[in-house]
Every structure is written in C-alpha cells, then in structure tokens.
1. If you take each beta carbon of peptide B:169-179 and count the beta carbons of other chains within 10 angstrom, what is the mean?
2. Within 10 Å of each Cβ in peptide A:35-46, how many partner chain Cβ atoms are there on average? Round it to a whole number, please.
3. Count the lysine pairs in the protein assembly as shown whose Cα atoms sit under 25 Å apart, keeping only pairs 8 or more residues apart in sequence or on different chains.
4. How much length is gained if the chain between B:E336 and B:Q720 is pulled fully straight, taking 0.36 nm per residue apart and subtracting their Cα-Cα distance, in nm to one decimal?
5. Grab the other residues whose beta carbon is less than 15 angstrom from that of B:L49, score K and R as +1, D and E as -1, and report the net.
6. At R0 = 56 Å, how high is the FRET efficiency between A:V24 and B:E642 if r is their beta carbon distance? Nearest 0.05 is fine.
7. If packing is taken as the average count of other Cβ atoms within 10 Å, what order do B:471-477, B:528-534, B:73-79 fall into, highest mean first?
8. Within 10 Å of each Cβ in B:242-254, how many Cβ atoms from other chains are there, averaged over the peptide?
Amino acid sequence: MIPREVAVFGILVPSLLFVFLLSVVIHVGVDWLCGHFGVYRRVWHPALFRLCLLVCIFGALALLLY
Amino acid sequence: MNAPSASAGTPDAGPPSPAQRARAVAQDWIANEGQRWIFVIKTLTAAFLALWIAFLMGFDSPRSAMMTVFIVALPSSGMALEKGVYRFLGTIAGCCAALAIVGMFPQQRALLFLALALWVALCTAGAAQMRNARSYGFVLAGYTACMIALPAIAAPLQVFNLAVARVTEISLGILCAAAINDALFPRHQTTQLVQTVRGLYLSFAQLCHDAMHGRLDDEQMERLHLRFATDVAALESNRSAAFFEAGDIRTRSQQLYAFSAATMVALTTFHTLHQLMQRLRQRGDFLVPDLLAPLFEAFSDALLVTDMPARTAVEAGVTRDKFAALQRRLPQFVTEARRDFGQQPHTAQQQLDLETALELTQRFQQEFAHLIAVYHELPGHLTDRPSKVAVPVLPYSAKTPPMIAVAAGLRAALALLILALAWYGLNWPSAAGAVILTVVFCALASSSPNPEQMVRKTTEGFALAVPFAFVCAFYMLNHVEGFLMLVLSMAPFLAVSIYATTWPRMLGIGTGFNLMFAQIISPENMMRFNVVSFFNDSIAQIIGLVLAVLMFALILPSHRQGSRRHIAEAMWGETLRLCVSDRPHLRHHFESRMRDLLNQLNMGIRGTAGAATRRTLNQAITLLELGHAVLDLRALAAQWQERHPARLAVDTCIAALAAYFRQPQPQRHAQAVAATGTAMATLQRLQVDTGNTLQQRAALQRALADLHLINTSLRDASLQPPARASASPHVIQGAAHDPA
C-alpha cells in the first residue's frame, strides 16, 4: 500500500506517476528484448502489441502496489 | 477507413474489363488518397482525444495538448514517436531552465532577459549544430523557457504552475499522438529504411557499373556524388526514426552504421580510381586504361546479378559469391597486367600510374567485398550472427560548421532582446505573443537552408486561419453545446488543412493553419468569446512571424545552412586535420564529415548549381581522394623508424600539405606540389636500393602510389588556388582550435 500522493520537495506528486515512469523503464527493457529475439516478427501488429505490453505492465504494477 | 472501402465496393457490375479498370482505379486511390485520408483521420482523432482528456482533467489551456498533436503528426509512426520523445525532453529541459531563471532574477527584468537570451542562444546554436530530430529538442528547450518565463514576469509566483501545466499538456498531447499514430493503421518507418538501404546500394553499384563502362561524364558524376551524400544522410535520419518503432532496428544500428561507412569508403576509392583513369584518358595516355580494361570488365560483371545490380540483400548473396571468385582471380590479373605492361614501351610516369591503379583496384575489391558482406547480412536473424562486432562502428553524424550555429544562436538571442525592448516601449498586452513567436521561429527555421521561405509559408497559414477561426469561433462555437458539437464545428476546417499538410508544397501552410486555428479559437471548458483579444492576439502572432523573417534578413543574413563559403572553409579545415591530428577513427570522421558537408551544400542549392558551388563541390570530391591518400601515407610513415629517410621525406611533404590547407595560397600550393615531387624522388631512390626486404619494398611502393595520388589531386583544376588570391580567402581561424 502506498499513499496516493507523494511529497517531493514539498510538491505533491501523484504516486501513479512514479509507477508509470517505472513501468516505462521496464517497458523499454522488455521492448529491447522483444526486438532482439525477434518476437515482433511473429506478432500481427507489433506496435499494438507493444502498446498493450505497456498497458499490461503499468496495470500490473499499479494493481500490485495499491 | 470507410472511404476507401466505399469506393472499392463500386466495381462489381459490368464486363470484366471495366470492372478491372475500376478496381485498378480504386487500388490506386487507396494507395495514394486513401493513405492521406487515413492520416487526416488519425490526426483528428488524436487531436480531439487529447482535447477531450484535457477538458476532462480541467487543464488550464487544453489547446496546448491539441497543438502538440498537430506538431507531432508526421506521416510515419517512427517519426512521430521520435519527435514526440524529443519534444517531451526539450519541454522538460526548457521548464527547468525557466524555473531556474525566474527563480534567480524574479525582480531584475534586465538580468532575466539577458539570462533568457543566453539560454535561447545556447539552445538554438545546439539545434543548428545538429540538424536532426535531436535538434528539435534543443529548439524546444530554448523557446519553452521563453513561453514560461515571459508570462511569469508579471506574476513570478505563478511560474511553477505555468511550468507544470505546460509539461502536463505537452505530455498528454504526445501520449495521444503517439498511441494513435502507432496503433491505428501505422505506416512504418522501417519499410522506408529498407527502401533507402536498397536504393543506396543499388545506385552505388549502378554508378560503379556505368562508370566502368565509361558511360558517366563529369557532370553526372558530380550529381551522383551529391545524391549519394543526400542518401547517406537520409539513411541516418530514417534509422534514427525507425529506432523508436517496434521491431529490431534498434539492435541493428551497428550493422546500419557499418553499411553506410562501408559504402562511403568504397565510393571514395572507386571515385579515385575512376578519376585516375579519366585523367589519363584526357591526357591521351591510353596505355594503362587499356591494360586494365579486362579487369574492369570482370568487376562490372561481378556487380550485376542478372542484368542489374542486386535489388535486395538476399540477391546480394550472388554478388558476394561473384566477388569472392573475383578475389581469387585478382592476383593473376595483376601479374598479367604487369607482364603485358613490361612488354610495351613505357615511361616511369606510366609505371607509377599502373602501380597506383593496381593498388586502388585491390583496395576497391576488398572494400566492396566488405560492403557486400555487410549488406547481405542485414536481413538475417540477429541470433544467427556469430558474435558481436569487435570494433564498434561509429555513426554518421551531421554537424553544421560552428560559425553558422553560433550565428543562429546570436540571431535568436538578439531577436529576443530587441523585441523585449520594443515590448517594453509599446506596452501592448498581446506583444508577449509576438515576442515568443519570433523567438520560436528564429530557432525553428535556423536549421532550414531557406528560413525565409519556411517562415513565409507558416505566415500564410497563420493569416489564412484567422478568418476561418473567426467564423468558427463567433458564428458556430457560440451556438454550440457539448464536446461532440465542438468537434463537429472544428473538424471540417482542420480536416482540410491536415489534408493539405500531406502535400509537400502545402506542408508549411497547412501546419501554420492548424496551429493558428487551435491557438486563437482556444477551446476551453469555459469558452471566452472576446473579439478584441481575438484580433489583438492574431495580429500579434502574425507580426511575430513577420519579425522572424526580418530577423533572418537583417541579422547575419549570410550565415545560414548550406552557405557555400562556410562549407568550403569547413572542408579545408577537415583536410588540414587529416594532416596534423592524431585522433583515432580519422578516416571515418573525414568520410562522414565530407558527405555531411556535401549534403549541406546540396541543401543550399536552389535550382541549378552555380559555378562557385560546382567548384566547391569539385573541391570536396578531390579533397576526399586526397584525404585518403594522406591518411594512408601517414599510416605507412608511422611504421618506419624515426630517422628513416623515407619517413623524413614523407613528414616534410605532409607538413607542406598542412601549410597549404591552412592557407590555400598559390605560393603554398606550389610548395606543396614541389614537396610531393621531392618525396617521390626520395622514395624512388630508396626503392632502387637493394638492401630492402620484400615487405619494405611493398610499403615503399604503396607510399609512392599515395604520393602520386596526392600529386595528381593537387594538380586537379579544382584545387588550384584561384588566380586572384584575395577572391577566396580561406584563412581558417576555426581550424586551429577546431572543436573535437
């Protein structure tokens, strides 16, 4: 359980923003791996697949942390 | 979308031939117009999605999100993502700078403006220096700081809110544009990249084939060199855009760098060989060209797959095998050529020509074999590749001559300061808009070779948008209730102008229209309808653009992208560096810098190239030949002992060359030519010396070939200093302390 908002130097920042940034970082890594191992050659719509990956990672992290 | 399918449904009645014709028409329509309308629908969807979310979240100025979508809307998803990422980074940097500047000088207007001008100058200079998608991030970092700091002058406490709002709105716009562009009917940059790579190889192989058959004259060769430089630059920009797409391009960067580096090197060697043959033929000396004709025949045969060069990387496998076979036959060719040559009466000069040509042929064979290997490997699976490349290949990097970049920075900073003074004097509430817009366009257009035209097109778009925005705002939007009706009343105008942006000639006007339309209608949750501020703002925006054109015309007008004088200076500076610098990767730097300068020269050419431009172009090409010989010579000299007479001779010669490149004057040119002559004589004397091993003789022979090449290049018409020494004073100040 993390609070909804985190104070950074006295500024309230929604903690979901940090979760989002974290999931973007993870997504970049997963994306690189997918490119390296040719996963994108096997999916129908690589861009949509990638977008869904991001949504899944973000959703999973947010659900885990809240 | 639905439009293409409707027209595709028409050809179902009548005899087959009209039906087929109708289908062909429909397919043609889908391929051309259909793609444009898909783009329009994508952009509109993204724009209104961003606007809707901004309304929902209650942002201060939802129009920023919408305008971001229009700015980021580019035909391929890779380009859109790339621009989005750099726009985001630039915005963040600009906001931080604005916060710092306003925080440091909240009460000091003069200091605040000076600090802001300094920041803008740095950012704009950085942008003008790079000329790629990253430069857009720099531009943005500069003008975002203005956008946030200027409205905050009256209320410094608001600056943090302004910055946060700006970042939020921009990121919202970028996210919407990126998601829609990438997921909905994407057009992949990767396809474009594959086309560019194929085109580059095909045109290079065709060039070699045609030149070996003597089908290219000098003028065609010049044009091909320019086009080649443009293609190499396009390859790099395509690669950097495709980097952001889903796929494996990002793991293939090394391969693509290796490909473009290999093509550049091979083209230079080939051109040197070709030029040597041409000079001999022009002199009426056909002995060496005739001897080498069968060798060239074999080369041009190996280049073709059936009746044209390999069109794809898979076909290139055939060429690779042919080149491998050629490599096995090459020593025999060389021995035969030497034997035939020995049987005919010849001079020492011709002997040197033959040896140089043979040396170049072998080098070209190796380089082309390397190129074809890299090309053939490109489509293979990454996991199939044996191992990582041991030596990382450096990227091709575009760099504007520093003086142009500095001038761009100065211009933007001066524009800001002058207009700030005028704003202070005028006391016009809308003037801030004009100041911001002038700075924005001074920065944006500084990477364009024709800034006036770019700004003029945008101005036309802005001016055109005002009446339509007036109709839309004061006759339609004031009757409107709800978001759907807002979309319906704005979309028709925007659809037409987005459609216009898909035509290259209308791009500037269409983009200007979109931005101005969103800017002055300014859709908000609580719409404000104020005719006075509507006209004040629109006049201010247009004045801002006109002032930007004025700034380009008034402040340092000759320092612009593609300026011939600066490019020529940079070229001589690069060649000088070859003679004096000891940095690693000199050859790669030299190749990519020269191609980049050629590309810039090409950007600056409008219509047909003038005599002066063609002279610069020829100089660039000759310097390329010469530069390689200089590098090779220096590498050979480094192998000899410190006090070896050959090394001393070569060092003296290089010093004379460096002196000439530092100051291209007739006297120094004569000295350089004489120095190469002396060095050649010394080396020839050493060669006759019997004490040498076979290896030493080979090194001497190679050095002689290099010296011979340098000598002939120096005597080339393009490198002869002009009769009037003052006509082109290439006194290079920048070269001595050239930034690394």
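Read-outs throughout are calculated quantities, based only on the coordinates presented, and are distinct from any laboratory measurement. Since the structure is predicted, the reported quantities are computational estimates derived from the model, not experimental observations. Glycine also receives a Cβ, built like all others from the backbone with ideal geometry; neighbour counts cover every protein chain displayed.
1. If you average over the peptide's residues, the count of other-chain Cβ atoms is 1.
2. 4
3. Close lysine pairs found across the protein assembly as shown: 4.
4. Full extension of this stretch gives 134.6 nm more.
5. Local charge sum for B:L49: 0.
6. That gives a FRET efficiency of 0.45.
7. B:73-79, B:471-477, B:528-534
8. Counting other chains' Cβ atoms within 10 Å and averaging over B:242-254 gives 4.
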